[in-house]
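> Below: one structure in structure tokens.
The values are calculated or read from the model by the stated rules, or taken from the named source; none is laboratory data. Predicted model only: the values in this text are computed from it and were never measured. FYI the Cβ positions are ideal-geometry reconstructions off the backbone, even for glycines, and counts take in every protein chain you see.
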Amino acid sequence: MTVPGVEALRTSLYDRHLALGGQMVEFSGWMMPLQYTSMRDEHTAVRERVGLFDVSHMGEFRLSGPGAEQALDRVVSNRISDLAIGQARYNVVCDGGGGIIDDCLAYRDASDQFTIVVNAGPRLRDLEHFRQVVGGGCEIEDLTLETALIAVQGPRSLDLLRPMADFAIDDVGYYHFHPGRLNGLEVGFSRTGYTGEDGFELFLPWGEAAAVWDRLLEAGRPLGILPCGLGARDTLRLEASMRLSGQDIDESTNPLEAGLGWAVKLDKGDFVGRDALVTVKQEGPRRAFIGLELEGRAIGRHGYAINDRGRQVGEVTSGTFSFTLGRAVAMGYVETASRDSENLTVEVRDSMVPARPRPLPFYKRQRS
């Protein structure tokens, strides 16, 4: 959210985006590229080759000290105790009522140190929440303004990074990370992403980002690399059915109805929101998060009504035209009884567009 009168932040790659013709927009308090050429071209580059994203607007916290594991376990929904050094895990951060404050990735750097990557919009709210819950249990640092993050995504990601890394990067497993060097510069290589493709997110010092960005673009030219903006990032993540914080999930939703129950471990011990989620589990969620395929080329946008036999039963949270699938898709919440209904429509302006429930994710890459 933008604060009136407060100038949007700029990542250390801002000048690079301008030089590449990036269409800059304000997003979650940051000036970010929406696109450079076209969303379709950038989307296709990631699905078929390799794309490069500046995601330095994401927030990074460090939790450290002897009580860090126990403290983090009280804040997030997923299990932390069995997280190995060098492993990352998806998590949900809930309020006392089970509502979703944010989702995040938790990385175990050492036995008593963790890095948490949160979304840009709720970062300060997240930081306040972490500090309130953790108290004096461990030290918490906000490293956002000194940490750059570059995402290399697509089936040719390894072909790009392999000759540049100083270790066997192929051996890094999905949702694992490894410290190393990229052409002599210190980088943290995390095999994660927000596109549904293979790839890495590179953690590096703020001041080194421009040099790494330039080297990646130059080395990636023979592979057909493209710099990619927020537009393609959104269409890619939506095809992969990854939730967008503040849009698909927020404090009015809980992880069980959002289809994120796999990231909630009610048996791990107490954490913020657990009691409320136990009740939801016992009674059953009142809403379901579903995928929809719309007839024709009409796009179901955020907030559009979803109807069942003419009665509103929910609303769309995200929608787009899928460049990969060649059809309009959407996600949203409906009353549980309507989750499999064949009589759903999405209200697009003044038209009731037929919408068929489809399993999520819409797109899943073929693993070799």
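> For the range 22-79, enumerate the residues that are out of contact with any Pro (no Cβ under 9 Å at 6 or more places or on another chain), of a type in the set (Ser, Thr, Tyr) and either assigned to a strand (DSSP E or B) or closer than 21 Å to LEU145 by Cβ (or both).
Matches in the range 22-79: SER56, SER64.
> Taking the criterion of being touching a residue at least 24 places away in the same chain (Cβ under 8 Å) and in contact with a Lys or Arg (Cβ under 8 Å, 6 or more places away or on another chain), would at least one residue in the range 5-17 satisfy it? It would help to see each step written out before you state the result.
At the first step, the residues of the range 5-17 found to be touching a residue at least 24 places away in the same chain (Cβ under 8 Å) are 9, 11-13, 15-17.
From the residues that got through so far, the ones that are in contact with a Lys or Arg (Cβ under 8 Å, 6 or more places away or on another chain) too are none.
The answer is no; no qualifying residue exists.
> Among the residues of the range 320-349, count how many are buried (at least 23 other Cβ atoms within 10 Å of the Cβ) and under 11 Å from GLU293 (Cα atoms). Walk me through how you get there before you give the answer.
First, the residues of the range 320-349 that are buried (at least 23 other Cβ atoms within 10 Å of the Cβ): 329-334, 344, 346.
Applying the additional criterion that residues be under 11 Å from GLU293 (Cα atoms) yields 329-331, 344, 346.
Looking only at that region, the number is 5.
> Which of the numbered conditions does ILE290 fail, given that it passes all the others? Conditions: (1) over 23 Å from the mean Cα position of the chain (by Cα); (2) of a type in the set (A, V, I, L, M, F, W, C); (3) in a strand (DSSP E or B).
All conditions pass for ILE290, except number (1).
> Is there a residue being out of contact with any Asp or Glu (no Cβ under 8 Å at 6 or more places or on another chain), in the same structural domain as GLY199 (by TED's automatic domain parsing) and exposed (fewer than 15 other Cβ atoms within 10 Å of the Cβ) anywhere in the range 40-54?
yes
> Continuing with this model, one more query. Does ARG74 satisfy being crowded, with 20+ Cβ neighbours inside 10 Å, of a type in the set (D, E, K, R) and at pLDDT 95 or above? Working first, answer last.
Values: crowded, with 20+ Cβ neighbours inside 10 Å: no; of a type in the set (D, E, K, R): yes; at pLDDT 95 or above: yes.
No, not satisfied.
> Please work out which residue is surrounded by the fewest Cβ atoms within 10 Å (Cβ to Cβ), limiting yourself to the range 194-224 and to residues that are within 17 Å of GLY86 (Cβ to Cβ) and out of contact with any Lys or Arg (no Cβ under 9 Å at 6 or more places or on another chain). Steps first, please.
First pass over the range 194-224, keeping only residues within 17 Å of GLY86 (Cβ to Cβ): 200-203.
Those still in the list that are out of contact with any Lys or Arg (no Cβ under 9 Å at 6 or more places or on another chain) too: 202-203.
Values: LEU202: 26, PHE203: 22.
Selected residue: PHE203.
> Okay, next question. Within the range 278-291, can one find any residue that is surrounded by fewer than 18 Cβ atoms within 10 Å (Cβ to Cβ), more than 19 Å from GLY99 (Cα to Cα) and of a type outside the set (A, V, I, L, M)?
No - not one qualifying residue is present in the range 278-291.
> Return the pair list, or none, for Cβ contacts closer than 9 Å from residues in the range 102-123 that are farther than 22 Å from GLY273 by Cα to residues that are crowded, with 21+ Cβ neighbours inside 10 Å and at pLDDT below 95, at least 6 apart or on different chains.
As it stands, the answer is none, since no pair meets every condition given.
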